[in-house]
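Trainee: Take this structure first; my questions come after.
The values are calculated or read from the model by the stated rules, or taken from the named source; none is laboratory data. This is a predicted model, so every value here is computed, not measured. Using ideal geometry, Cβ is built from the backbone for each residue, glycine included, and neighbour counts are taken over all protein chains shown.
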Amino acid sequence: MDFTVYGSAFSGLLIVLVTLVVQSFVANMSKARLPNHIPGKIDPSLGHESFAYRAHRTMENSLENLGVFLGSAFLAIFINVDPFWTALTIWVYALVRIVHMILYYLISTEKNPSPRSYFYLLGLLANILLLILIFAQL
C-alpha cells in the first residue's frame, strides 16, 4: 500500500497530536501554579471561573474524543478511503479542536451551549463523516 497519498492526512494527525501536547502542557502548568497543588489532581472546588479548571477540561475533552478519532483516521487510511476526503475530515477535526481549545481558554461560562460547543459539534460531525466513508469503503 502506498501511504504517500495520505501525506495531508498524516500532517493533520500531527497537528491533532501537537494540539494535545500543548493542552497537556498548559493544563499542567496552570494547575502547578495553584496553591496547594497536588500533581495529577484537580481541586474539585474549581469551576469555569478558574483557568486551571478550563485548561484541565480542555485536555480531558480532547482525550475523551481522541481514541475514536484516531481509530477512525487510521482505519480510513488502512482500508484506503479516498485520500482527499480522509485528509479533509482530519483537517476539519484538527482545526475545530484548536478553535474549541482557544474558546475554552478564553470564555468562562457554564452556559450550554457555549460557543465552544459548536466547534465540538463540528469535530464530532467530521468524525461521523469519516466513519460513514469507512462504512462505504467496506
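Trainee: So which pairs qualify, if the first residue must be in segment 64-76 and closer than 13 Å to Thr89 by Cβ and surrounded by 14 or more Cβ atoms within 10 Å (Cβ to Cβ), the second must be charged (D, E, K, R) and at pLDDT 95 or above, the Cβ gap must be under 9 Å, and the two must be at least 6 apart or on different chains?
Mentor: Cβ pairs passing all conditions: Phe69/Arg97; Ala76/Asp82.
Trainee: Among the numbered criteria (1) under 23 Å from Ser50 (Cα atoms); (2) touching an Asp or Glu at 6+ places or on another chain (Cβ under 8 Å), which single criterion is violated by Lys111?
Mentor: (2)
Trainee: Output the number of the condition that Ser117 fails; it satisfies all remaining conditions of (1) assigned to a helix (DSSP H, G or I); (2) modelled with pLDDT under 95; (3) within 23 Å of Asn28 (Cβ to Cβ); (4) among the small types (Gly, Ala, Ser).
Mentor: (3)
Trainee: Given the conditions (1) touching a residue at least 60 places away in the same chain (Cβ under 8 Å); (2) not in a helix (DSSP H, G or I), and given that Ala87 satisfies all but one, which numbered condition is not satisfied?
Mentor: (2) is the only condition that Ala87 fails.
Trainee: Something else: Does Lys41 meet the test of being touching a residue at least 12 places away in the same chain (Cβ under 8 Å), of a type outside the set (Asp, Glu) and either on the phi < 0 side of the Ramachandran plot or surrounded by 13 or more Cβ atoms within 10 Å (Cβ to Cβ) (or both)? First the steps, then the outcome.
Mentor: Values: touching a residue at least 12 places away in the same chain (Cβ under 8 Å): no; of a type outside the set (Asp, Glu): yes; either on the phi < 0 side of the Ramachandran plot or surrounded by 13 or more Cβ atoms within 10 Å (Cβ to Cβ) (or both): yes.
Answer is no for this residue.
Trainee: Let me confirm something: among Ile102, Ile38, Ile128, Ile132, which residue is out of contact with any Gly (no Cβ under 9 Å at 6 or more places or on another chain), among the aliphatic types (A, V, I, L, M) and part of a loop (DSSP other than H, G, I, E, B)? Reasoning before the result, please.
Mentor: On the way: Ile102 fails: part of a loop (DSSP other than H, G, I, E, B); Ile128 fails: part of a loop (DSSP other than H, G, I, E, B); Ile132 fails: part of a loop (DSSP other than H, G, I, E, B).
Selected residue: Ile38, the only one of Ile102, Ile38, Ile128, Ile132 that is out of contact with any Gly (no Cβ under 9 Å at 6 or more places or on another chain), among the aliphatic types (A, V, I, L, M) and part of a loop (DSSP other than H, G, I, E, B).
Trainee: Using the structure shown, decide if Arg33 is surrounded by fewer than 16 Cβ atoms within 10 Å (Cβ to Cβ), out of contact with any Cys (no Cβ under 6 Å at 6 or more places or on another chain) and basic (Lys, Arg).
Mentor: Numbers: surrounded by fewer than 16 Cβ atoms within 10 Å (Cβ to Cβ): yes; out of contact with any Cys (no Cβ under 6 Å at 6 or more places or on another chain): yes; basic (Lys, Arg): yes.
Answer is yes for this residue.
Trainee: Another question, then. Of the conditions (1) within 20 Å of Ser117 (Cα to Cα); (2) surrounded by 12 or more Cβ atoms within 10 Å (Cβ to Cβ); (3) without any contact (Cβ under 8 Å) to a residue 24 or more places away in the chain; (4) under 12 Å from the mean Cα position of the chain (by Cα), Tyr53 satisfies every one except a single condition; which number is it?
Mentor: (4)
Trainee: Closer than 23 Å to Val26 by Cα, outside any loop (DSSP other than H, G, I, E, B) and within 18 Å of the chain's Cα centre (by Cα): is that true of Gly67 in this structure?
Mentor: Values: closer than 23 Å to Val26 by Cα: yes; outside any loop (DSSP other than H, G, I, E, B): yes; within 18 Å of the chain's Cα centre (by Cα): yes.
In short, yes.
Trainee: Do we find that Asn61 is surrounded by 15 or more Cβ atoms within 10 Å (Cβ to Cβ), free of Cβ contacts under 8 Å to residues at least 12 places away in the same chain and assigned to a helix (DSSP H, G or I) in this structure? Let's see the steps before the verdict.
Mentor: Values: surrounded by 15 or more Cβ atoms within 10 Å (Cβ to Cβ): yes; free of Cβ contacts under 8 Å to residues at least 12 places away in the same chain: no; assigned to a helix (DSSP H, G or I): yes.
Taking the combined requirement at face value, the residue does not satisfy it.
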